[in-house]
2 protein chains.
Amino acid sequence: MIYYLEQLFRRHFLKFSGAATATSGLLLAGLSTEAAAQNVSVPKHWDETFDVVVIGSGFAGLSAAIEARKAGANVIVLEKMPVPGGNSTINGGGMAAVGSDVQKAHGVKDSVDLMVADMYKAGLGLNYPQQARMVAEKSNEAFEWCRDYLGVKFKDTLAHFGGHAVPRTHTTTIQSGSGIVQPMLQKCDELGVQLQKKVYVKRLIVDGERVVGLEVLPNYRQGKEDASNTKFIKANKGVVMAAGGFAADVLYRTTQDPRLTAELDTTNHKGATAECLKELIRVGGNPVQLSWIQLGPWASPDEKGFGLAPIFAGYAAYPNGIMVDPQTGKRFVNELADRKIRADAIIKTGHPAIGICDEVGMQPAKHVMDKLLERGVVHKFDTLNELAAFYKIPEAELLAQAERYNRFVAQGKDSEFSKPFDMGQKTLGQAPFYGVRFWPKAHHTMGGIEIDTQARVVNIETRKPIPGLYAAGEITGGTHGACRLGTVAIPDCIVFGRIAGQQVVKA
Amino acid sequence: MIYYLEQLFRRHFLKFSGAATATSGLLLAGLSTEAAAQNVSVPKHWDETFDVVVIGSGFAGLSAAIEARKAGANVIVLEKMPVPGGNSTINGGGMAAVGSDVQKAHGVKDSVDLMVADMYKAGLGLNYPQQARMVAEKSNEAFEWCRDYLGVKFKDTLAHFGGHAVPRTHTTTIQSGSGIVQPMLQKCDELGVQLQKKVYVKRLIVDGERVVGLEVLPNYRQGKEDASNTKFIKANKGVVMAAGGFAADVLYRTTQDPRLTAELDTTNHKGATAECLKELIRVGGNPVQLSWIQLGPWASPDEKGFGLAPIFAGYAAYPNGIMVDPQTGKRFVNELADRKIRADAIIKTGHPAIGICDEVGMQPAKHVMDKLLERGVVHKFDTLNELAAFYKIPEAELLAQAERYNRFVAQGKDSEFSKPFDMGQKTLGQAPFYGVRFWPKAHHTMGGIEIDTQARVVNIETRKPIPGLYAAGEITGGTHGACRLGTVAIPDCIVFGRIAGQQVVKA
């Protein structure tokens, strides 16, 4: 009874999750300790000078870099890790967009108002109104920019992700965010945007009120810093911070949500830590809504990190199948509810849930099935009876649940949990059957630094933009409120990344 | 459908709430703009020097001052407002304490574990475990310190507040926090603690890593600052920040929760603004859980600010009566659920709820009834029928609800909402009857600056305490997680205020 949630989390994370990803946060904290003692003033000599310095090479950073370069600026992108792309490359490549020609071709009736309403519903009304609306309004422009300007290859089908009222998710053909990051990197290369990897931001440098550049550590390797070897980079027009969220930073995330200890795995790459957010706070940015940290309900405890289970979940098991509690054999939540509702519901049961779909429902995830089966993340069964036996689900209850669900599909109405059947969902009956275990992992930090609609970082005291400082993507807060809808990260990053790139050159 | 929550809030706050309290936040923002341009270095000349400087004269600040003075330090308390005490003087004077002789005399079985469990349940598990436990563990010591050392007069009865498993609220005889603040001020006077009013903190002054003093504006009047007239105060041992929360700071609170616009009234005094929190962030403190801002479910839209309705609610209508939705005539939530559950439930109905009790149930609030009736906040009726007609409640439904409720009381079990009946509750039947409208107001900011269990402010980067800097009370975050239980503010403030006062002198 004591510490119910706390203990529930500890017990089950310990039991079901893989090894923790705490190391990155801990190692960085060591570096920060050293750095914190120093107060960097404006250097007499700058090692390099650019018009625009972009921090981070994910969707937001590369979008900003491309726009700034197109406007004639001399642009460099600094990336901490040895490979570019951050979480963007390991995301599922789904992009919510309203009013696309793909939606029209499929007869989906959608509107900006409807998407904003979905974002508010998931976000519990904590969304910044103007920013949420801007993402929805410009989502199709961002989609067309990816497809028509960058040459990103998208499927011609739509997916219906949890929390969305209608199907509006457009997915890259390779079902990965790298399908967008790679064309972005290629465009940067064509345009002459420089990219430097293994560069760690130590300090933003402020002259009066204006951010004028950075002190960085070149040749950075996580956990093997040489903090003395620094370099000063000048940014004539400004700095765009697009360094991502901090879901992998166990030390920092537990200060905002003490339940999310090292026992909880994360979907994020190990570089998703808070040092750039802290720098933004240090120079006067306003940290907002930091304690809202999203758990992904489609993660599997049987693989590390983001893995491939989310693709099987998002495109097969959740839309086309069911999720049951193995103790009861029954569904317990709308499989297309928003992430928070689903993750909370799974955690409340106290043990991993079982996602199930059949051969027909599996098809949209077909290309990842070999790996998932080989790794033992997804299992394949000739009958639901065998699946029930394997996962220790009461057989009769599961069969009865499947029959009820099939009746709902046939009737076009889910009388149990109001799951929307607008994707031509099929009944669950065509063998073989596929099963997966779900247990949430830390996925997205909704909170971050406050920006205005021009992607300018707002000073906590004056409420005015900090000259020379812009931010976009997961490092910012407000757009998503309490809970980000699935596949709204990409439009958020691209819409505000492009705005940041367009605005910084005007400085 | 669009912006459901947003519009709900806007519409109803506009409709039912009184004038906003936005002015204080706006005026202070103007001052801050000016101040932000300056970077205060260590002055050559200090105007005054003390061992310990305490900011804020509420429960936490005065507790710290008394302890520091008792340990031999030369102490000054700086208060921004013209009168001391801040929100502490206008609070209801209820103090949760575990294991008191009063509980024992009434045969209440309680434990530290039980109180911590209650705090976790309301806090959604976001509580800092060590801090929550420390408040519960030291709550009785704090209660006895107030009663036996300070001479605070408490009733010899207990109250059962929402979210607590058992009655553990000890209330001052005058049912106001001023019943504690005044003896504290008297003790400060006896001990030789100085108190300066109308002093506004402009800047904390840091030398190297250590906080060494402050720049302040003396003769401060809210909205009429003379920012040029500053004074430097040295703190040889350290500064204790106990400046309270920011629920009255509309400008800042909406950056954390955009729903809480100026249309929403607050229970707080107008000085409850964020400037000291921002100073703590500026010098390297870690702002945690700032977006959790509590709405008081016992506030009346028919009076301004905190008012007297919360006393009628907390001691009469909620424990001894019922709350109904006037559209249905039915109860809709456990009247002793935690504040968040009740406030959310009221807001969900879309209109103010009606709290009702009878002549017997009213007795614990008797001393405030004349004022409440005179001001038209509470109304008195000879029959429930008349009450129903006045508030436009369906009469038959209300009478049926009262009958059901009375049956539950007689049976000792609430079959509708599991309200605990452990206070010898009476049935609702002794005329006259009393009615009040409830609509939530912004009440408490759960988040704040991170401290450790020694009340030391923790550096966001190094995770080490910032030398010379302590904080206690509502300006800190973590103890309460997502939602503070009623009457846990006083033990929180006194426990950590005393710790801060004891620790700062050791520096």
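Coordinate-derived values only; no laboratory data. None of the values given here were measured: they were computed from a predicted structure. Here the Cβ is made from the backbone with ideal geometry for all residues, glycine too, and neighbour counts use every protein chain on show.
What is the gain in length, in nm to one decimal, between A:ARG210 and A:LYS392 on full extension, counting 0.36 nm per residue of separation less the C-alpha to C-alpha distance?
Extra length from A:ARG210 to A:LYS392 when fully extended: 59.4 nm.
All other residues with a Cβ under 10 Å from the Cβ of B:ILE233 taken together, and with Lys, Arg as +1 and Asp, Glu as -1, what is their net charge?
Result for the neighbourhood of B:ILE233: -1.
Angle between the Cα long axis of helix A:59-70 and the longest principal axis of chain A, 0 to 90 degrees, nearest 10?
Tilt relative to chain A: about 40 degrees.
Compute the relative contact order of chain A as a whole-number percentage, counting only Cα pairs closer than 8 Å that sit 6 or more residues apart in sequence.
25 percent
For A:LYS231, list the lysines whose Cα falls under 23 Å from its own Cα; do not include residues on the same chain fewer than 8 positions away.
Result set, ordered by chain and number: A:LYS44, A:LYS80, A:LYS197, A:LYS198, A:LYS202, A:LYS278.
Can you give the extra length, in nm with one decimal, that the chain gains between B:HIS106 and B:GLU359 once fully stretched, where that is 0.36 nm per residue apart less the Cα-Cα distance?
Additional length available on full extension: 88.7 nm.
Could you check the spin-label model distance between A:LYS413 and B:SER418? Points 7 Å from the Cα along Cα→Cβ, value in nm.
Calculated label separation equals 3.2 nm.
Can you list the distances in nanometres, one decimal and ascending, from the B:THR328 label point to the identical position in each other copy, with the point 7 Å along Cα to Cβ?
From this label point to the equivalent ones elsewhere in the assembly: 2.2 nm.
Looking at the square roots a ≥ b ≥ c of the eigenvalues of the Cα gyration tensor of the range B:329-404, which shape do they give, rounded for a/c under 1.5, prolate if a/b is larger than b/c, or oblate?
oblate
Can you compute the helix-only [θ] at 222 nm over chain B? Use -39500 (n - 2.57) per DSSP H run of at least 4 residues, normalise by all residues, nearest 500 deg cm²/dmol.
-10000 deg cm²/dmol
What fraction, in whole percent, of alpha-carbon pairs in the range B:374-500 exceed 26 Å separation?
52 percent
Which semi-axis lengths, in whole Å and largest first, follow from the square roots of five times the eigenvalues of the Cα gyration tensor of chain B?
Each semi-axis is √(5λ); the values are 40, 25, 19 Å.
Taking 8 Å as the Cα distance limit and 6 or more residues as the minimum spacing, I'd like the relative contact order of the range A:298-439 as a percentage.
36 percent
How big is the equivalent ellipsoid of the range B:75-134 along its three axes, where each semi-axis is √(5λ) from the Cα gyration tensor, reported in whole Å from largest to smallest?
29, 19, 11
Given axes a ≥ b ≥ c from the Cα gyration tensor, I'd like to know whether the range B:298-439 is rounded (a/c under 1.5), prolate (a/b larger than b/c) or oblate.
Rounded, because the longest to shortest axis ratio a/c is under 1.5.
Relative to the present Cα-Cα distance, how much length would full extension add between B:HIS351 and B:ARG375 at 0.36 nm per residue of separation?
My answer for the length gained is 6.5 nm.
With label points built 7 Å along Cα→Cβ from the Cα atoms of B:ASP148 and B:LYS464, find their separation and express it in nm.
4.0 nm
Separation between the B:ILE174 and B:LEU399 pseudo-spin-labels, each 7 Å from Cα along Cα→Cβ, expressed in nm?
4.5 nm
If I fit a long axis through the Cα atoms of helix B:178-191 and take the longest principal axis of the Cα atoms of chain B, what angle between them do I get, 0 to 90°, rounded to 10?
Around 30 degrees separate the two axes.
Below 8 Å, C-alpha to C-alpha, sequence gap of six or more: please give me the relative contact order for the range A:382-507 in percent.
Computed over the range A:382-507, the figure is 19 percent.
For the range B:153-171 and the range A:376-440, write down the distance between their C-alpha centroids in whole Å.
Their Cα centres are 50 Å away from one another.
Assume the label is 7 Å from Cα along Cα to beta carbon: what separations in nm does B:LYS380 have to the matching positions in the other copies?
8.0
If you average the alpha carbon positions of the range B:229-280 and of the range B:75-123, how far apart do those two centres end up, in angstrom?
Here the answer is 22 Å between Cα centres.
Using a label point 7 angstrom from Cα along Cα-to-C-beta, what distances in nm, from shortest up, separate A:GLY305 from the other copies?
Spacings between copies for this position, smallest first, are 5.7 nm.
Is the C-alpha gyration tensor of the protein assembly as shown telling us rounded, prolate or oblate? Criteria: a/c under 1.5 is rounded; beyond that, a/b larger than b/c is prolate, otherwise oblate.
oblate
Per residue of A:280-291, how many C-beta atoms from partner chains lie within 10 Å of its own C-beta, taken as a mean?
Other-chain Cβ atoms within 10 Å of each residue's Cβ, averaged: 6.
I'd like the Kirkwood hydrodynamic radius of the range A:71-174, using the inverse of the mean 1/r over distinct C-alpha pairs, in Å.
Roughly 15.3 Å, rounded to one decimal.
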